[in-house]
1. For region 340-378, which residues satisfy the criterion of being assigned to a loop (DSSP other than H, G, I, E, B) and open to solvent by 20 Å² or more (accessible area, probe 1.4 Å)?
2. Confirm whether Ile424 is part of a helix (DSSP H, G or I), closer than 17 Å to Ile356 by Cβ, hydrophobic (A, V, I, L, M, F, W, C) and in contact (Cβ under 8 Å) with a residue 24 or more places away in the chain.
3. Mind telling me which of the residues Asn70, Asn74, Asn41 ends up being in a loop (DSSP other than H, G, I, E, B), modelled with pLDDT of 90 or more and open to solvent by 50 Å² or more (accessible area, probe 1.4 Å)?
4. Go through (1) over 43 Å from the mean Cα position of the chain (by Cα); (2) at pLDDT below 95; (3) under 30 Å from Asn421 (Cβ atoms) for Ile86 and report which single condition fails.
5. Can you find even one residue in region 248-269 that is within 20 Å of Gln736 (Cβ to Cβ), open to solvent by less than 30 Å² (accessible area, probe 1.4 Å) and touching a Phe, Trp or Tyr at 6+ places or on another chain (Cβ under 6 Å)?
6. Can you tell me which condition Ile176 does not meet? The list is (1) outside the structural domain of Ser261 (by the TED database); (2) open to solvent by 20 Å² or more (accessible area, probe 1.4 Å); (3) β-branched (Val, Ile, Thr); (4) under 30 Å from His129 (Cα atoms), and all the others hold.
7. Can you tell me which residue within region 461-495, out of those that are out of contact with any strand residue (DSSP E or B) (no Cβ under 6 Å at 6 or more places or on another chain) and of a type in the set (Gly, Ala, Ser), is least open to solvent (accessible area, probe 1.4 Å)?
8. In region 633-642, is there at least one residue being surrounded by fewer than 18 Cβ atoms within 10 Å (Cβ to Cβ), among the acidic types (Asp, Glu), touching a residue at least 24 places away in the same chain (Cβ under 8 Å) and touching a strand residue (DSSP E or B) at 6+ places or on another chain (Cβ under 7 Å)?
Amino acid sequence: MQFSINLVFYSVISILFFSILIQNSFAEDTGNIDLLIKYENGNKAGIDSTVLKIFKDLEKTPIREIHVENNPVNITNLQLGHKYKIEVYYNDHFQSVGYYDLKEKTNNYEITMKLPGGIKLGVFYSDGHTPISEASIFIKTLNGKTVGFDETDFNGDSVRFWIPQTIGNEYYNIDIIIDPSLKFTYVPLKIQSSDSKDIKIVTPWPKIISSAIKVEVYKDQKTKITEEDGNFLLQVNDKKKTKVIETIISDKGDTTISNISVGTYAFHIISKENGKIIASKKVTLSGNHEPIKIFTNDPQLNTDSLYCNCVAFRFDDVQDYFLSNAQIHMMKLFGEHDAGLTVGVIGGVTGKDPKIVDAIKEQVQTNPRFEIASHSWNNRVITTLSPEDQDKYIKDTDNKIKELFQIKPKVFIPPENIFDNQTITLLKKYGYDHISPSVSTEIPPKFIKTDFYHFDTAPSTARLNPSTGYWEHISQEKILEKIDDSLFDYGYAVVMMHPFEFSNYIQGAYVNEVNQTKFDELKNVILTLKSKGYLLTPIGKIDKYDSIVFQKNFVNETINKTDKKIDCNCVAFKIDNIQDFWLNDVQADLIKTFTDSNTPITISILGKFFGSDPKTVDFLKNKLDDKNSEISVAVRGWELVDHSIYGTEEQSSSIQQTNNQIFKTLGINAKIFSAPFGKFNNYTSEALKLNKIQYIIATTTTDTPNAKINPKHIPETSYLPNLLDNDPFVKGTILQKMMSKIQTQQKQYGYALISMQPSDFAIKDTEFKNQTNEEKIKLLEDLISQLRENNIKIVSLSDLHQEILFEKYPIWIKQIYFWNEQGFITDLELKNAIDNLISRTIIIQY
């Protein structure tokens, strides 16, 4: 029995001994290779987009794939006593191979690659002689990865690309794009090591299309229009809205055009009777065409993609401490102007800087147009990572954003705007439905309803000079031009920005100081876009342009109804520059358009030129005496000059003289100042207070609505000719488009205030005539009717702020504020009255 126990004991000891021995032998049975990748000239090779595939012995399946991050690259945990084959790939193109017999634990090994080859491209129209400038060039691998991008110069030339060689049946593709809808692919592109050559690419596009292009106009899907339907013109505009062709539609419903450059145009069918656009279609002309069909009955038949009339701003590289003043200033700017901003947060370097974290949290809580996007874990180009690391970067950034801000991002901004199909697969896995790369890294898909959107950036606020590291600023005029181009080309615009260009550059480096000049220019861009009626939305809401409503949030404070911004569902109108003799018949017809329909209207008067024309004065007196007319009178100033160039005394004198002239002529003390050119300064406010002016009317490009200060700031939201500016890719008639723009402004500001001048309604040849343009008057009448049919209130300008403040309160509460405005009760008495209403829960605090 004792013998058996001893035998079992020694057996167990032996097993344990040999187990330890085996484990130790396995631990010692692996080695590492420090691999240096070199060019054949002895220089260390570049490793961008380089992948190693490791094979053991004669196996045909790699035991490991390594996305190279460093050179030399450390290959670890390879079993000793085996031979390894190491293949080197650049973007899936084979480059070199090496073999190593692994006998030692630590090894140094070199693999030599061929040098890249150089190519310069020259791009020409079909005649082979005329160069194509500003053509986008994409050089791509067989699996679609972009390895080179440039735009041709005025000679049609690209930069010289240096690209790894092609071996065997491998080749690159070259995509030439001169318009989002015009692409030519040049294949195959073979690259020889160390070779430098020029390639001439002749595209199939003619510079000028000389052959006839037939255009057919249909009133339904099968029937063309005839002379019984009216007389029509075809007008062709380029993307800058410049008319390039106008021709008559025949009584058979068709016409032909020719001698036009290739490109994309807006085709408008226009009624000869009233000049209205009946139908529009965006058409790409390539030189080879079937008849172009335009349908007047259904705008949907004329388009195969969406158009949102919206602009998003994308702010990349948001992270701890890095140029933080510019980051914080940027977020505040967009919050103050109720504009959409998407910030790209880098997960691995965000969370330790309380200033950045708090600034983001504040915007999340207060700005409904603010959006956090994932900008990956670091600045590493995500396509250089293995699928496992891509997955980790996306997941870890997701978790960091959730941890810090309690938000699940839905938008992904790939570092350097580069991604691949694997990236898309992983984004969908983690619940993303938007990606925002660049038109320089992909050809954007058409904007249609889908489950995953690509909203690419085309305009930007600066461009990096890679040789200097300096971000070269782009002018605000060029930014606005590029935004309009992007809207035309893609149906939306995304503007790319970085902290660099909004920080000061001192002695060759960026410092943590705000570049105020650049921020002022950006503010002007924002305000200009708003004045045009564009929707300023974050990227993740572009696809919801036709339904999104942004609700302003308020946190950490008690707010009553008088502070809450709501949509009053109301509109006011203003006519500027009323004066003696000048277009006095047109002035009268324009004012009568409002008074005859019992529509409130505010008129602003130029004092120096008012009071001597009996026709104008008598007309206004009669209208003011008419109890059915609701006319408010405003001061425009003594002359039509920019008041912001003057101090308090000069501005006060201008306002006082004008008001004296108005009172002398019409018996009215005006309480409204309509600032010429929408400009004012701090002295203006003092001058207005001296003259007991209660309202200042500038524009949303120069001012922000604020009804809580004295004088109240109620800026106009649009100028009527801008509403009449027919955008061919917004759905509907001109009237419907005007309504859409007004409703967008109501969402942005809580109201709409539309200004106009008598000259907008006068007939003009070489100069304005004192004759009314009846077509434009009719359009204004239709607009007024349409507003009422849609239950949108038309109110006087001075009632706007009350409509906004008291939209959900009994109308009698407005009287309290009216008494205060008229001086019957003091500000303290007003406060006590409102506090009393709050205590009795007549006004509910929020």
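1. Result: Gly351, Lys352, Pro368, Trp377, Asn378.
2. Spelling it out, it is not the case that Ile424 is part of a helix (DSSP H, G or I), closer than 17 Å to Ile356 by Cβ, hydrophobic (A, V, I, L, M, F, W, C) and in contact (Cβ under 8 Å) with a residue 24 or more places away in the chain.
3. None of the other options fit; the residue is Asn41.
4. (2)
5. yes
6. Looking at each condition in turn, Ile176 falls short on (2).
7. Only one residue fits best here, namely Gly491.
8. Checking region 633-642: at least one residue is surrounded by fewer than 18 Cβ atoms within 10 Å (Cβ to Cβ), among the acidic types (Asp, Glu), touching a residue at least 24 places away in the same chain (Cβ under 8 Å) and touching a strand residue (DSSP E or B) at 6+ places or on another chain (Cβ under 7 Å).
The values are calculated or read from the model by the stated rules, or taken from the named source; none is laboratory data. Owing to the predicted nature of the structure, the values given are computational and were not obtained by experimental measurement. Cβ atoms come from the backbone with ideal geometry, glycine included; neighbour counts cover every protein chain shown. Heads up: the accessible areas ignore ligands, DNA and RNA and are worked out on the full protein's heavy atoms, side chains in. Shrake-Rupley method; radii C 1.70, N 1.55, O 1.52, S 1.80 Å.
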